[in-house]
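Here the structure comes first, spelled out in structure tokens, and everything after it is commentary.
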Amino acid sequence: MDFTFTEEQQAAAEAARAVFSGVVPDGVPSPALVPGAVAEDIDRPLWAGLASSDLLSLTLLPEHGGAGLDLVALCLVLRESAKVLARVPLLETCAVAMALQRYGDPRLAAELLPRIGRGELVLTAGSNGRSGHDPAELAVKARRRARTGTAGKDTPPGRAAARPADAADGWVLEGMQSAVPWAQAADWFAIPAHTDEGRAVVALVRPAQDGVTLAEQVSTSGERFAEVRLESVRIDDRALIDGAGAWEWLCAILTTGTCALALGLGEAVLAMTSQYTGKREQFGFPVATFQSVAVQAADRYIDLRAMEVTLWQAAWRISTGADGALPAEGDTAVAKIWASDGIRRVVQTAQHLHGGFGADTDYPLHRFHAWAKQIELSLGPAAAHEEALGNLLAAHLLD
């Protein structure tokens, strides 16, 4: 397999490294040092820097002010962001923008996408449902709102009213989504829902709308999440993305992007561990020269390379729509298996090889540990993805 990146993709990664070079992990608020949420807002200066470097418009089409690049380019940028624990909703904003661009109402897309690229809007998505165990779209009901048309006082007798009775007029949302990331900072939420016919759709909701309430939640990494409750929330037809496969595609983007975050964070942690064990001495020798230490570090390196190759395979399948022996969901499942287990093993080994120093709050490793645990929880257990992969294999017998 050839995973050589294009010049445009490499340029995006280089631009990301330049922007994130100003972020120091030691300066990222620590959940171990701050009770409750670590901060009230996202890193707005960094968000502005991403916008000015055209990284927020990376995957937008030129007519919306973007570069028209694909998911692979976005994952390269996300990988760099995780290396410094960047406190910005880059994945969520770009993923929802991509779904709006691909499946949404063209008028709403033309209105919002240029503003997203300029950093004027922050978007997020609810993908955890009520508990994180059931399909997210089942947690919210979207039903057609009936328009009650009656003949007005100026309507001549015997003539139909200007607005016929029971004509469809927008949608009403009922339900909730738990653990919506960066919700308090977002201008729009992408909320998966299901219709009376059982179709999965994506509703675009603003937090200030009537019937929308946020209940404070805090992630393992200390960031502000929210339980988003929807009670008779009304949206017009433009704000409902109901194209076939829209929610599944958005979910795949979010999942693959999370795998990219796991890869970047894991690479940063392994580099940190290599530097520490190369300097830390016991019995007059660097501990990195001890066979038991070298073997554990080598195993984690293998984990990262497996995470990397499965990530690019999944991102490539989603970006190109290329055929394969299995649907693209199979590649995504494999990427999640490696990312979920791999990031846990990398961080656990790093803590072990650092000894007590890894738990020292004056050293940044504990921050990476908290973020890694949040990523692992977001991806879900590898066993669940193995089961999903097994079901796909059973449904698509391979020659």
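The values are calculated or read from the model by the stated rules, or taken from the named source; none is laboratory data. Note that the coordinates shown come from a computational prediction; the quantities given were computed from them, not determined experimentally. Neighbour counts run over all protein chains shown; Cβ positions are idealised from the backbone, glycine included. The protein model used for the area step is the full one, side chains on, heavy atoms only, and it has no ligands, DNA or RNA in it. Shrake-Rupley method; radii C 1.70, N 1.55, O 1.52, S 1.80 Å.
Leaving out ligands, DNA and RNA, and with a 1.4 Å probe, what % of the accessible surface on segment 1-83 is carbon or sulfur? Don't jump to the answer; show the numbers that get you there.
Values: 2130 of 3950 Å².
Ligands and nucleic acids excluded, carbon and sulfur give 54 percent.
Which distance in Å, rounded to a whole number, links the C-alpha centroids of segment 276-316 and segment 1-20?
24
With r as the distance between the Cβ atoms of His396 and Phe290 and R0 = 41 Å, compute the FRET efficiency 1/(1 + (r/R0)^6) and round to 0.05.
Values: r = 46 Å, r/R0 = 1.13.
It comes out at approximately 0.35.
What does the charge count around Leu138 come to, taking other residues whose C-beta lies under 15 Å from its C-beta (Lys +1, Arg +1, Asp -1, Glu -1)? All intermediate terms of the calculation are to be shown ahead of the outcome.
Details: positive: Arg130, Lys141, Arg143, Arg199; negative: Asp134, Glu137, Glu174, Asp196, Glu197, Glu248.
Here the count lands on -2.
Give the accessible surface of segment 189-299 per residue, rounded to a whole number of Å², with probe radius 1.4 Å and ligands, DNA and RNA excluded.
Numbers: 4890 Å² over 111 residues.
Averaged over the residues of segment 189-299, the accessible area is 44 Å².
Largest first, how would Asp236, Asp331 line up by accessible area (1.4 Å probe)?
Numbers: Asp236 80, Asp331 25 Å².
If we order Asp236, Asp331 from most to least accessible, we get Asp236, Asp331.
Measure nothing fancy, just the Cα-based angle from helix 106-117's long axis to the longest principal axis of the chain, in degrees from 0 to 90, nearest 10.
Result, in degrees: 30.
Taking volume of the Cα convex hull per residue in Å³ as the quantity of interest, determine which of (i) 165; (ii) 144; (iii) 154 was computed from the displayed structure.
Computing volume of the Cα convex hull per residue in Å³ and matching it to (i) 165; (ii) 144; (iii) 154 gives (i).
With the convex hull built on the Cα atoms of segment 61-110, state its orientation-averaged projected area in nm². Working shown, then result.
Values: hull surface 14.6 nm².
Seen from a random direction, the Cα hull of segment 61-110 projects 3.7 nm² on average.
Could you give the angle, 0 to 90 degrees to the nearest 10, between helix 71-83's Cα long axis and the longest principal axis of the Cα atoms of the chain?
50
Which residue fluctuates the most in the chain, going by a Gaussian network model with Cα springs under 10 Å, if the choices are Leu78, Leu326, Leu90?
Leu326
Evaluate Rg over Rh across segment 1-117, taking Cα atoms for both radii and Kirkwood's formula for Rh. All intermediate terms of the calculation are to be shown ahead of the outcome.
Working: Rg = 15.4 Å, Rh = 15.2 Å.
For segment 1-117, the value is 1.01.
Which whole-Hz couplings ³J(HN,Hα) result when phi for each residue of segment 267-284 is put into the Karplus expression 6.51 cos²θ - 1.76 cosθ + 1.60, θ = phi - 60°, listed in order with x for Gly and Pro?
5, 5, 5, 5, 5, 4, 5, 4, 5, 5, 5, x, 9, 6, 10, 9, 6, x
Quick one: of the DSSP bridges fully inside the chain, what percent are antiparallel, nearest 5? Write out the running numbers ahead of the final one.
Numbers: 32 of 36 bridges.
Around 90 percent of the beta bridges assigned by DSSP in the chain are antiparallel ones.
Hey, if you put +1 on the Cβ of every Lys and Arg and -1 on every Asp and Glu Cβ in segment 307-376, which of Val309, Ala328, Ile375 ends up farthest toward the positive end of that dipole?
So the residue we want is Ile375.
For Arg280, what residues show an amide H to amide H distance below 5 Å, using hydrogens built from the backbone and excluding near sequence neighbours?
Amide H to amide H, under 5 Å and 5 or more residues apart or across chains, Arg280 pairs with Val287.
Residues with amide H under 5 Å of Gly170's amide H, sequence separation 5 or more or different chain, H placed in the peptide plane at 1.01 Å from N; which?
Result for Gly170 returns Arg145, Asp237.
Enumerate the calculated ³J(HN,Hα) couplings along segment 335-352 in order (Karplus 6.51 cos²θ - 1.76 cosθ + 1.60, θ = phi - 60°), each rounded to whole Hz, writing x wherever the residue is Gly or Pro.
Values per residue, Gly and Pro as x: 4, 5, 4, 6, 5, 5, 6, x, 5, 5, 5, 4, 6, 5, 5, 4, 4, 5 Hz.
Between segment 35-97 and segment 318-367, what is the C-alpha centre distance in whole Å?
20
With everything on Cα atoms, drop me the angle between helix 382-395 and the longest principal axis of the chain, reported from 0 to 90° to the nearest 10.
60
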